[in-house]
Amino acid sequence: MKFARRSGLTVFAAFVITVAPTPFARAQDSFVSAAQRQFDGGDYTGAVNTLRSGIGTKSQNAEAYYWLCRSFYELREFDNAISNCEQAVQYAPQHSDYHMWLGRAYGEKAEQESSFLVARKVKHEFEEAVRLNPRNIPARRDLAEFDAEAPWIVGGSKDAAKQQVDAIATLDPVQGHLARAQFWADEKRVDSADAECRMALAAKPADPNVYFEVADFYAALSRAPELKSAVDGAAALRPNDPRLTFYRGVENFLAGVVAQAEQNLKSYLASTPDRSDWPSHASAREWLGRLYESEGKRPEAAEEYRAALQLEPKRASARDRLKKLEQGAK
């Protein structure tokens, strides 16, 4: 059971707390800003070092602990992410985003350990994030996905998920379409999910992340024409977005343009950090494996599948493809 999304497509920067900062807190601004720049550049270890050096032993700087949480989350060190998000929540308990990211960190730990005990904490933090800021759509989407996918014993509820989807649609119709598409996809109702994706695109949103999310849906279905349409929409809004090389690579592969696909996927791996709000490097590796497998290059395909599993050990699709490949070689 999947309790948290690593595939969210928006970077959620912390908003500035309006309480007047103490002189000590003001002194921290420079090191937090420096760490954020490192984080944005994909240097998560550097961000951790900067933040730890700046915090000292007596700081109650919630924002610094939040960015430590975010950095450890990207490093997939989820115990450290949890402990730092717990600190952020302790020092700024009214901050919705801090609770949301604590819920996400708990979610990854719950998935790693198949822990119902931790999973209950996931729902609590998502609910708290929504309670503190009812307009926090990312938190509502996380809560909706949890409710839709989690077993009832840890608080999952299809009806509760539908209520969140309806609330999201009231706040933002396009996000409502995406949330409903996710719900129908989880229910294996592909036609209904497809209809919601088409309505999201028909609204001509100005946010390229909407197009990328729809692109993920069509890539999973191996539907090249619809994928191309979504990627073209994102490119029109943000032609230099680094994610485009990944989606163009997938599009090329599905369309049979193998050489261009390989070039784009390798370029994505070489030029971008592995971050939770972008297509994962494990996904790019798996697509390369599929590409090589289609060319009959079994050793190269197996190498890419293993690389994907090294990055994401629970990536079931890569594991299944590798197993099938190895069985066929016997």
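The values are calculated or read from the model by the stated rules, or taken from the named source; none is laboratory data. Bear in mind that the values here come from a model prediction, so they are computed numbers and not experimental data. For neighbour counting, all protein chains shown are included, and Cβ atoms are generated from backbone atoms with ideal geometry for every residue, glycine included. We work out accessible area using only protein heavy atoms, side chains counted, and drop any ligands, DNA or RNA first. Shrake-Rupley method; radii C 1.70, N 1.55, O 1.52, S 1.80 Å.
Matching residues to (1) out of contact with any Gly (no Cβ under 9 Å at 6 or more places or on another chain); (2) open to solvent by less than 10 Å² (accessible area, probe 1.4 Å); (3) at pLDDT below 95:
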site	(1), (2), (3)
LEU75	yes, no, no
SER83	yes, no, no
TYR91	yes, no, no
GLN94	yes, no, no
LEU102	yes, yes, no
PRO134	yes, no, no
PRO138	no, no, no
PRO151	yes, no, yes
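For PHE217, are the conditions met, namely being under 29 Å from ASN133 (Cα atoms), among the aromatic types (Phe, Trp, Tyr) and open to solvent by 20 Å² or more (accessible area, probe 1.4 Å)? Reasoning before the result, please.
Numbers: under 29 Å from ASN133 (Cα atoms): yes; among the aromatic types (Phe, Trp, Tyr): yes; open to solvent by 20 Å² or more (accessible area, probe 1.4 Å): yes.
Yes.
Is it the case, given these coordinates, that ALA35 is within 18 Å of SER96 (Cα to Cα), assigned to a helix (DSSP H, G or I) and free of Cβ contacts under 8 Å to residues at least 40 places away in the same chain?
Working: within 18 Å of SER96 (Cα to Cα): no; assigned to a helix (DSSP H, G or I): yes; free of Cβ contacts under 8 Å to residues at least 40 places away in the same chain: yes.
In short, no.
Any residue at all in segment 168-177 that's outside any helix (DSSP H, G or I), open to solvent by 50 Å² or more (accessible area, probe 1.4 Å) and out of contact with any helix residue (DSSP H, G or I) (no Cβ under 7 Å at 6 or more places or on another chain)?
So far as segment 168-177 goes, no, none of its residues is outside any helix (DSSP H, G or I), open to solvent by 50 Å² or more (accessible area, probe 1.4 Å) and out of contact with any helix residue (DSSP H, G or I) (no Cβ under 7 Å at 6 or more places or on another chain).
Go through (1) under 18 Å from the mean Cα position of the chain (by Cα); (2) farther than 27 Å from ALA284 by Cβ one by one and return the number of the condition ALA202 breaks.
(1)
Across segment 281-306, what is the number of residues that are surrounded by fewer than 19 Cβ atoms within 10 Å (Cβ to Cβ) and either out of contact with any Leu (no Cβ under 7 Å at 6 or more places or on another chain) or aliphatic (A, V, I, L, M) (or both)?
Quick first cut of segment 281-306, residues surrounded by fewer than 19 Cβ atoms within 10 Å (Cβ to Cβ) only: 294-300, 302-303, 306.
From what's left, either out of contact with any Leu (no Cβ under 7 Å at 6 or more places or on another chain) or aliphatic (A, V, I, L, M) (or both): 294-297, 299-300, 302-303.
Result for segment 281-306: 8.
Tell me, please, whether a residue that is under 16 Å from PRO138 (Cα atoms), of a type in the set (Asp, Glu), assigned to a helix (DSSP H, G or I) and touching a residue at least 40 places away in the same chain (Cβ under 8 Å) can be found in segment 208-215.
yes
Hey, VAL122 hits all of (1) among the β-branched types (Val, Ile, Thr); (2) surrounded by fewer than 19 Cβ atoms within 10 Å (Cβ to Cβ); (3) closer than 27 Å to LEU309 by Cβ but one; which does it fall short on?
Looking at each condition in turn, VAL122 falls short on (2).
If you take the residues of segment 249-275 that are within 22 Å of GLY42 (Cα to Cα) and of a type in the set (D, E, K, R), which of them is farthest from the chain's Cα centre (by Cα)?
LYS266
Looking at ASP142, ASP232, which one is open to solvent by less than 30 Å² (accessible area, probe 1.4 Å) and either over 22 Å from ASP277 (Cα atoms) or part of a helix (DSSP H, G or I) (or both)? If you could, list the steps in order and put the result at the bottom.
Working: ASP232 fails: open to solvent by less than 30 Å² (accessible area, probe 1.4 Å).
Going through ASP142, ASP232 in turn, just one is open to solvent by less than 30 Å² (accessible area, probe 1.4 Å) and either over 22 Å from ASP277 (Cα atoms) or part of a helix (DSSP H, G or I) (or both): ASP142.
Quick check on LEU227: is it in contact with a helix residue (DSSP H, G or I) (Cβ under 8 Å, 6 or more places away or on another chain), assigned to a helix (DSSP H, G or I), hydrophobic (A, V, I, L, M, F, W, C) and surrounded by fewer than 20 Cβ atoms within 10 Å (Cβ to Cβ)? Before the answer, list the steps.
Numbers: in contact with a helix residue (DSSP H, G or I) (Cβ under 8 Å, 6 or more places away or on another chain): yes; assigned to a helix (DSSP H, G or I): yes; hydrophobic (A, V, I, L, M, F, W, C): yes; surrounded by fewer than 20 Cβ atoms within 10 Å (Cβ to Cβ): no.
No, not satisfied.
Quick check on segment 255-271. Is at least one of its residues in a helix (DSSP H, G or I), on the phi < 0 side of the Ramachandran plot, without any contact (Cβ under 8 Å) to a residue 12 or more places away in the chain and charged (D, E, K, R)?
no
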